[in-house]
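**Student:** Have a look at this one.
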Amino acid sequence: MIDFADPVGAATYARQHVRPDERLLWATHGRILNYDVRGLTPQGKPKPSVLSRVGEGVLDAVFDGDDSSDAHPDPHVVAFGRHVPQFLTGLPADYSFTRVWALTTQRLMVLQEVRATPPPEPDGGGSFLSKAVRFGKEVADIFTDRTKTYGRHKEAEPVQILDTTVRTEVHRSAITGFEVANLLDGTGVDFLLDGRQEPEMFTWMLALTNGTA
């Protein structure tokens with residue numbers, strides 16, 4: 001069954017950035033990135049040392065080096081290894097907007113939605129009365145609009161394709177294998193596919209990667 005509220009597919013965004021001499025193998029949405037790296041929290045921040053945390057009275061740090069796991073949503077992608085994969089350096093753990101991971105015949109790339117900064121309103125947006133009138137009109141438009149909406153999509157309007165840019169990438173020559181996407185620098189990336197562990201999906205992605213699908 002089709003859900004018209006579903007976001008635009010990851011492959012649609014990835015194909016916008018594929019070069020003429022490369023081919024897209026697979027793409028998946030994955031906003032939330034976590035790290036499984038010694039000395040870092042899942043969000044990629046340095047862990048306070050146990051002694052410093054005990055000194056602050058946080059005794060449970062002796063038994064559990066990180067107490068933040070319940071405060072954050074489940075990850076879609078987990079980077080692991082002796083250190084942060086070099087190509088992910090500076091990439092924020094949680095991205096509120098569209099983020100796509102895509103593998104091509106040449107590279108693994110991470111796309112992120114480009115968010116335009118709204119222009120400032122002239123003269124501070126006008127007087128209090130003009131703001132109130134404008135707000136009232138916007139509310140009236142909402143209640144009188146009979147157009148059906150499906151998530152970001154509106155009835156009788158083209159599906160919106162968001163602007164994206166390649167935030168980071170790593171060349172295929174730096175990747176040693178694809179069972180767990182190992183990289184030459186001793187790190188790796190696990191794709192959890194929107195938080196779900198689905199063996200069939202992993203098998204299909206691996207077949208696409210190796211050209212056997």
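The values are calculated or read from the model by the stated rules, or taken from the named source; none is laboratory data. The structure displayed is predicted, hence computed values, not measured ones. Reconstructed Cβ throughout: ideal geometry from the backbone, glycine too, with neighbour counts over all protein chains shown. Heads up: the accessible areas ignore ligands, DNA and RNA and are worked out on the full protein's heavy atoms, side chains in. Shrake-Rupley method; radii C 1.70, N 1.55, O 1.52, S 1.80 Å.
**Student:** Can you tally the net charge around residue 112? Count Lys and Arg as +1, Asp and Glu as -1, for every other residue whose Cβ sits under 14 Å from the Cβ of residue 112.
**Tutor:** 0
**Student:** With a 1.4 Å probe and all protein chains kept in place, how do 19, 115 rank by accessible area, largest first?
**Tutor:** The ordering from most to least exposed comes out as 115, 19.
**Student:** Once ligands and nucleic acids are excluded and a 1.4 Å probe is used, how much of residue 200 is accessible, expressed in Å² to the nearest 10?
**Tutor:** Accessible area of residue 200: about 140 Å².
**Student:** Heavy atoms of the protein only, probe of 1.4 Å, neighbouring chains included. What is the accessible area of residue 49 in Å², nearest 10?
**Tutor:** Answer for residue 49: close to 70 Å² accessible.
**Student:** Taking 0.36 nm per residue of sequence separation and subtracting the Cα-Cα distance, how much length would be gained by fully extending the chain between residue 106 and residue 200, in nm to one decimal?
**Tutor:** 31.4 nm
**Student:** Taking R0 as 45 Å, what FRET efficiency do you get between residue 45 and residue 11 from their Cβ-Cβ distance, rounded to the nearest 0.05?
**Tutor:** 0.90
**Student:** Separate question: Is the shape of the stretch 68-108 best called rounded, prolate or oblate, per the rule: a/c under 1.5 gives rounded, else a/b larger than b/c gives prolate, else oblate, with a ≥ b ≥ c the square roots of the Cα gyration tensor eigenvalues?
**Tutor:** Oblate shape, in that a/c is at least 1.5 and b/c is the bigger or equal ratio.
**Student:** Suppose each label sits 7 Å from its Cα in the direction of the beta carbon; what would the residue 207-residue 94 distance come out to in nanometres?
**Tutor:** 3.7 nm
**Student:** From largest accessible area down, sort 21, 190; use a 1.4 Å probe on the protein chains.
**Tutor:** Reading off the accessible areas and sorting them downward yields 21, 190.
**Student:** Here's something else I'd like to know. Ordering 101, 204, 26 by accessible area with a probe of 1.4 Å, largest first, what comes out?
**Tutor:** If we order 101, 204, 26 from most to least accessible, we get 204, 26, 101.
**Student:** Stretch residue 163-residue 74 to full length: gain in nm at 0.36 nm per residue minus the Cα-Cα span?
**Tutor:** Full-extension gain reported as 29.5 nm.
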